[in-house]
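**Q** Before anything else, here's the structure in question.
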Amino acid sequence: MASGVSLDLPQFKGRAGWEFTDISSLDLAAYERVPPVANGGVAPLWELETPPLPDGVIVGSLDDAPAELLGSLIGADDDPFVALNDAGERGGTFVYVPRGVVVSEPISLAAVQAAVGTLVNQRTLVVVGEDAQVEVWEQFLSGADELDGVFNIVTELIVGDGARLRYVCGQGLSERSWIFGAQRASVGRSGSLDWVALGFGSAGGHVRMETRLAGEGADARVTGAYATRGRQHIDFDTTQEHAAPHTTSDLAFRGVLQGRSSAVWKGNIIVDPGAQKTDAFQESRNLLISKRAHADAIPGLEIQANDVRCTHAAAVAQVDPEQLFYLRSRGLREDVAKQLVIEGFLSALVERFEAGAVREVLGEALERRLALVLAG
């Protein structure tokens, strides 16, 4: 590897958080380290145009980011992939919205891995000032369908007091690539975070998503969706940490799995001492549309306050034969009936958003991916 960085990678079942993802076949030294490109003529997960920005708003490189904020949420001490991201060349974006500024249209970001046999490190820092509002839509893509590469992301989201951020992050990488991610958000007093994660591509990897409700009255909604086929393996490790009183969080992940693909969602709700009146919920539901697909859904709670409401739900199931029978009795072919059942399963995620552009764009992205999965 061009950087010369030597890392001890996590061992399968030998380190917390990596119990379900085997990366023993990954040889980082075989991949050349290169920066991503802003676009590569590849099909995006969605298409958005970023309009002219209000005064004071910054969408620039990491060179524009304050040194004291970059790395303030995620350190490299306990994660070799974060250390890899920190060392040497990488791509990155800094988004800053000043206090009280409202950005009316989404800011669209994209990073593309263009060459086979490369390692791309991408870092994103979003800072939303007090009482400001913004949407940031970011996607990670491969330049070719069969591209063999490693994509390594670090994302920090800082939501100020009374601020509102919607962050939509989607990856449509080649199904021969690896993805690793460390993503963390901090939400201030009375702030709001709406976080959406779409996991469509890659052959394997591990992404952790951590939300810390740091200020009283902070709120977070986290929505995740994935649709896999072949031998793809998706691994999401989520945390909702309530560090202040009167905070709320609502997390929902849904996946559709075809072929011999597999997925794991491991979620944890943490309620710190003194975080009274916490209201937290998490769920993971998986629909297996082949007999060899496999999913694990593992919720967890760590509660250190005595006046809270924390609940979770998890389910893994095959397509309901009674639903198929009902639809087929109405004259529908089996493939059409199955598609309707799956679309209904995923529609619950889309309906978490108000009617408008976000619901429309996410619905279309899910529909296109589902068509590919059902096609085999």
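The values are calculated or read from the model by the stated rules, or taken from the named source; none is laboratory data. Owing to the predicted nature of the structure, the values given are computational and were not obtained by experimental measurement. Note that we place each Cβ from the backbone using ideal geometry, even for glycine, and neighbour counts take in every protein chain shown.
**Q** Which count do you get for residues in the range 140-151 that are assigned to a strand (DSSP E or B) and surrounded by fewer than 24 Cβ atoms within 10 Å (Cβ to Cβ)? Give the steps one after another, and end with the answer.
**A** Quick first cut of the range 140-151, residues assigned to a strand (DSSP E or B) only: 140-142, 149-151.
Applying the additional criterion that residues be surrounded by fewer than 24 Cβ atoms within 10 Å (Cβ to Cβ) yields none.
So the count comes out to 0.
**Q** For the range 62-82, indicate whether the set of residues that are touching a residue at least 12 places away in the same chain (Cβ under 8 Å), of a type in the set (S, T, N, Q) and closer than 24 Å to Gly170 by Cβ is non-empty.
**A** no
**Q** Only one of these is part of a strand (DSSP E or B), surrounded by 21 or more Cβ atoms within 10 Å (Cβ to Cβ) and modelled with pLDDT of 95 or more: Ala227, Ala244. Name it.
**A** Just a single option satisfies the conditions, and that option is Ala227.
**Q** Collect the residues in the range 99-124 that are under 18 Å from Val57 (Cα atoms) and either crowded, with 24+ Cβ neighbours inside 10 Å or polar (S, T, N, Q) (or both), keeping them in residue-number order.
**A** Ser104, Ser108, Thr124
**Q** In this structure, does Ala305 turn out to be of a type in the set (Gly, Ala, Ser), assigned to a strand (DSSP E or B) and closer than 23 Å to Leu213 by Cα?
**A** Answer is no for this residue.
**Q** Looking at Gln113, Gln133, which one is under 19 Å from Pro51 (Cα atoms) and among the polar types (S, T, N, Q)?
**A** Gln133
**Q** Let me ask you something else. Restricting the search to the range 334-373, which residues are surrounded by 15 or more Cβ atoms within 10 Å (Cβ to Cβ), part of a loop (DSSP other than H, G, I, E, B) and modelled with pLDDT of 90 or more?
**A** Once the filter is applied, which keeps residues that are surrounded by 15 or more Cβ atoms within 10 Å (Cβ to Cβ), part of a loop (DSSP other than H, G, I, E, B) and modelled with pLDDT of 90 or more, the range 334-373 yields only Arg352.
**Q** Further, regarding this structure: Considering every residue within the range 43-53, establish whether at least one is without any contact (Cβ under 8 Å) to a residue 40 or more places away in the chain, surrounded by fewer than 18 Cβ atoms within 10 Å (Cβ to Cβ) and either over 20 Å from the mean Cα position of the chain (by Cα) or not in a loop (DSSP other than H, G, I, E, B) (or both).
**A** Yes, that holds for at least one residue.
**Q** Could we say that Ala220 is modelled with pLDDT of 95 or more and in contact with a helix residue (DSSP H, G or I) (Cβ under 7 Å, 6 or more places away or on another chain) here?
**A** Details: modelled with pLDDT of 95 or more: yes; in contact with a helix residue (DSSP H, G or I) (Cβ under 7 Å, 6 or more places away or on another chain): no.
No; evaluated as a whole, the condition is false for this residue.
**Q** May I pose another question? Among the candidates Ser284, Ser329, single out the residue that is more than 23 Å from Asp237 (Cα to Cα) and among the small types (Gly, Ala, Ser). Before you say what the answer is, go through the steps one by one.
**A** Details: Ser284 fails: more than 23 Å from Asp237 (Cα to Cα).
None of the others qualify; the one that does is Ser329.
**Q** Considering the range 288-301 alone, what residues qualify as being assigned to a strand (DSSP E or B), more than 19 Å from the chain's Cα centre (by Cα) and among the aliphatic types (A, V, I, L, M)?
**A** Leu288, Leu301
**Q** Being more than 12 Å from the chain's Cα centre (by Cα) and under 15 Å from Gln122 (Cβ atoms) narrows it down to one residue among Glu175, Glu156; which is it?
**A** Sole residue among the options that is more than 12 Å from the chain's Cα centre (by Cα) and under 15 Å from Gln122 (Cβ atoms): Glu156.
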